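Before any comments, here is the structure.
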Amino acid sequence: MKTKVLVSDGDHKNALAILRTFRNKYEVDVTTPFPKFLTLTAYSRYVKNVFVVNDENEDIYQKRLFSILARNKYDVFLPVGLKTYIISSKFRDELLGIVNSLVPTWDSMKIAYNKDATMEFAKKIGIPVPKTIVVRGEEDIRELENFPIVLKSSDEAGKFIRYCNDVNELRSGFWQLRSESKTEVIAQEYIRGYGVGFYSVCKGGKMYAVFMHRRLKEFPITGGPSAVAESFYSKKLFKYGKKICKKLKWTGPIMAEFKYSPEKDEFYLIEINPKLWGSLDLTISAGVNIPEIIMDLAMGNDPEPIKTYKKVKFRWVFPDELKVLMSGGETISEFLRIDKATYTNVSLKDPLPTMFQMAQGFVFGTIVLLSRKRKFPHGVVKT
């Protein structure tokens, strides 16, 4: 019999990357918070069953998810999204009593997913970070200077983030975030440079896979998931990433997002994403089979750590790069270029998800064309 695997968050592109990597090696089901017809992986030839599980209420989501795991007797559970990783970590002992999985302890997760706690942790272990303070009201706002400043919530910073060029933008941004976020608002120094990521899969702080990439294009163009990225390597970034994993005693996949400042020749930690990263396709294309490594570790094996990878470039043509094009972030000739050395998420072997992503790109791209707020959801840094 095939090993039974449940993959969460089937609406995510990295969940699709997992399915396409496994192909038909395992019997794979997915969960999704959306109706099946709006779920990316539901169109994949490599999925067997799709379970719709609403994730708005944490308690209900946890009980429903664990019930599916227990009832169907899966061998391995692969969380994908942040909410699922947080729940899996918070109820780790109960989860591991039901199924094999590779998830961090709650003590580690509390530091990694809370941006304020992450910054304090990083400073203590000697990782460079932007100047960061917690903003609680008008008194803190009046004391801030040296614009531009980045405002973000302590959790899910990619969703709650604003670039502020002056005190008026700072004030309006702060009160907006206060109304939208359940956690404290932090203000960070704006680092001029480009984004890079350190990625690893660990068990008890030991790294079994390492990968680094540089973002070339992203959407939103003011900061968001990669639309085009390439692998690269830096000894300094490796040193920082290894220290983070070791000090957290991390178990599971982890991404540390840094901003590189050419002016200071330094990497600054922006945040930790304690989950499976969205650019998983690139890592796999570079020769690091993250899903299989996670499977191995979850099943109690001790695989040989992977320390090297290929120099490759990856384009998420649909929907991400199409949205970059429609927002004015690249030209039509750039979008239409064909480079045989560059990997893409366009799959002829698994075509229906590609068609779904193409439709997504045109729908969201049209919305971006009609709305400046959608084009620059975080605001614009004035040079």
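Given Cα pairs under 8 Å that are at least 6 residues apart, what percent is the relative contact order of the chain? The value is 16 percent. For the chain, the membrane-span-like helix rule (DSSP H, alpha carbon extent of at least 15 Å along the helix axis, mean Kyte-Doolittle at least -1.0) picks out 58-72, 167-180, 235-248, 351-370; this says nothing about an actual membrane. Highest mobility in the GNM of the chain, judged by mean-square fluctuation with C-alpha springs under 10 Å and restricted to LEU177, LEU248, LEU370, is found for LEU370. Using the empirical formula 2.2 N^0.38 Å as the baseline, the Cα radius of gyration of segment 194-375 reaches a ratio of 1.09.
Just to be sure I follow the definition: excluding the sites themselves, where is the longest run in the chain that has none of the GluC sites (Glu not before Pro) in a DSSP loop with at most 10 other Cβ atoms within 10 Å? Don't skip to the answer; put the middle values down first.
Working: sites that count: GLU56, GLU145, GLU263.
Formally, the longest exposed-site-free interval is 264-383.
Taking 0.36 nm per residue of sequence separation and subtracting the Cα-Cα distance, how much length would be gained by fully extending the chain between ILE338 and LEU96, in nm to one decimal? Stretched out fully, the ILE338 to LEU96 stretch lengthens by 82.6 nm. Length, then width, then depth: along the principal axes, the Cα atoms of segment 4-101 run 32, 26, 21 Å. The distance from the alpha carbon centre of segment 93-122 to that of segment 301-332 is 27 Å, rounded to a whole number. Spin-label pair ASP166-LYS206: with each label point 7 Å from Cα along the Cα-Cβ axis, the two points sit 5.7 nm from one another. How high is the relative contact order of segment 267-330, in percent, counting Cα pairs under 8 Å that sit 6 or more residues apart? Relative contact order, segment 267-330: 28 percent.
How large is the Kirkwood hydrodynamic radius of segment 131-189, counting all unique pairs of alpha carbons, in Å? It would help to have the intermediate numbers written out before the result.
On the way: mean 1/r = 0.0914 Å⁻¹.
Its Kirkwood hydrodynamic radius stands at 10.9 Å.
For the chain, the convex hull spanned by the alpha carbon atoms encloses 142 Å³ per residue.
If the segment from GLU56 to ARG178 were pulled out straight at 0.36 nm per residue, it would be longer than the present Cα-Cα gap by 41.9 nm. Oblate is the label for segment 225-268, because the ratio a/c of its alpha-carbon gyration tensor axes (a ≥ b ≥ c) is 1.5 or higher and a/b is not greater than b/c.
Semi-axes of the equivalent ellipsoid of segment 69-191 are 36, 15, 11 Å, computed as sqrt(5λ) over the eigenvalues of the C-alpha gyration tensor in descending order.
When you restrict to C-alpha pairs under 8 Å that are six or more residues apart and normalise by the size of segment 194-375, the relative contact order lands at 23 percent.
Readers should treat all values here as calculations from the given coordinates under stated rules, not as data from a laboratory. Just so we're clear, the structure is a prediction, and the values are computed from it rather than from any experiment. All Cβ positions, even for glycine, are placed from backbone atoms using ideal geometry, and neighbour counts span all protein chains on display.
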